[in-house]
Amino acid sequence: MKFSRTLAIPVLIATAALTLTACGSDDASGTVVRIGTTDKDKAFEVFEQKAKEQGITLKVTNFSDYKQPNTALSQKQIDLNLFQHLQFLGQYNVASSDTLTPIGSTYIVPLGLYSKKHKTLADIPAGGEIAIPNDPTNQARALFVLQAAGLLKLSGTPTQPTPADIDKAASKVRVTPVDAAQTALSLPSVDGSVINNTFLERSGVDPKSALYKDDPKNPAAEPYINVIVSRAEDKNNPTYLKLTEIWKDQAVATAHAEVTKGTAVAVNRTGPELEQILDRVQQGIRTTK
């Protein structure tokens, strides 16, 4: 979602974009692909330009929240979406009995712990309060971050932990779930906050000031790889696969690095590899239900 740049910005195109010509049609600009996102930023604009140079016109719908792009894709209102990581996609597929499929990787954004009161992890006191996002996907990841940082311990090996899975007796801190948008705003009143990349940017928090971040190269971070997604029947569409390669163009990468202030790490995984990770994610979600 640039997931970890998650929540979206206002809808730019509502009904009009959803009635545009589907992929494979031709107009004066060549092939048209309808793509949905929640973060139409400078990198996306460069992506559009590079696609146009390859004969592909992107018709972009910028949705206002994360619930819309997958539903729109499933209902064939758009052809692709680019806004989410595999964990979020897995949650959607399981909940909706859907089969939306990742066809290309984009990047992963480390999730970090920040503080205005303390300069190191060791400075955080026993019983300290840590704000974490309250949505299931980011909450689970935040708990894993705090466990890896040595601040809390989870009971057992949950794949999608909640605060109920915290071993309080073995943990140094307590957590307070809040809306993801409030994690940065909570910084003055808590010992630390686990903050998504989107809200770092909006709140002026320096990404380099994190006391701890998860490691994007760790296999445990694979569910948080952001992806380009199609319907299952379209996963081998050559135009769509071409777009996954265009996203890797150096000009797009440079623009994305600027937008994310260098926090995003590019990921190069094939569609089949991503499907395998998604399958593991979905099995874990079903197991916890």
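The values are calculated or read from the model by the stated rules, or taken from the named source; none is laboratory data. Everything numeric here is computed off the predicted structure, so don't read it as measured data. Counting neighbours? That spans all protein chains shown, and the Cβs are built from the backbone with ideal geometry, glycine included. Quick note on the areas: whole protein, heavy atoms, side chains included, nothing else; ligands and nucleic acids left out. Shrake-Rupley method; radii C 1.70, N 1.55, O 1.52, S 1.80 Å.
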Filter region 205-217 down to residues that are in a loop (DSSP other than H, G, I, E, B) and open to solvent by 70 Å² or more (accessible area, probe 1.4 Å), then give me how many there are. 3
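Got at least one residue in region 211-229 being acidic (Asp, Glu) and farther than 16 Å from residue 85 by Cα?
Taking region 211-229 and keeping what is acidic (Asp, Glu), we get 214-215, 222.
Add one more test, that the residue is farther than 16 Å from residue 85 by Cα, and what stays is none.
Scanning region 211-229 turns up no residue that is acidic (Asp, Glu) and farther than 16 Å from residue 85 by Cα.
Condition check: buried (at least 20 other Cβ atoms within 10 Å of the Cβ) and within 20 Å of residue 131 (Cβ to Cβ). Does residue 198 satisfy that? Even if it seems obvious, please write down each step before you answer.
Details: buried (at least 20 other Cβ atoms within 10 Å of the Cβ): yes; within 20 Å of residue 131 (Cβ to Cβ): yes.
Answer is yes for this residue.
Hey, can you tell me all the residues within region 111-125 that are of a type outside the set (Gly, Ala, Ser), open to solvent by less than 10 Å² (accessible area, probe 1.4 Å) and touching a helix residue (DSSP H, G or I) at 6+ places or on another chain (Cβ under 8 Å)? Spell out the reasoning first.
Quick first cut of region 111-125, residues of a type outside the set (Gly, Ala, Ser) only: 111, 113-114, 116-121, 123-125.
Checking the rest, the ones that are also open to solvent by less than 10 Å² (accessible area, probe 1.4 Å) come to 111, 113-114, 124.
The answer is 111, 113, 114.
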When you go through 144, 83, 88 one by one, which is the residue that is at pLDDT below 95, of a type in the set (Phe, Trp, Tyr) and part of a strand (DSSP E or B)? 83
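Can you tell which of 244, 239 is in a helix (DSSP H, G or I), of a type outside the set (A, V, I, L, M), surrounded by 18 or more Cβ atoms within 10 Å (Cβ to Cβ) and touching a Ser or Thr at 6+ places or on another chain (Cβ under 7 Å)?
Numbers: 244 fails: touching a Ser or Thr at 6+ places or on another chain (Cβ under 7 Å).
Criteria check complete, one pass: 239.
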Options 166, 103, 108; residue that is buried (at least 20 other Cβ atoms within 10 Å of the Cβ), farther than 25 Å from residue 277 by Cβ and either of a type in the set (Val, Ile, Thr) or free of Cβ contacts under 8 Å to residues at least 24 places away in the same chain (or both): 166
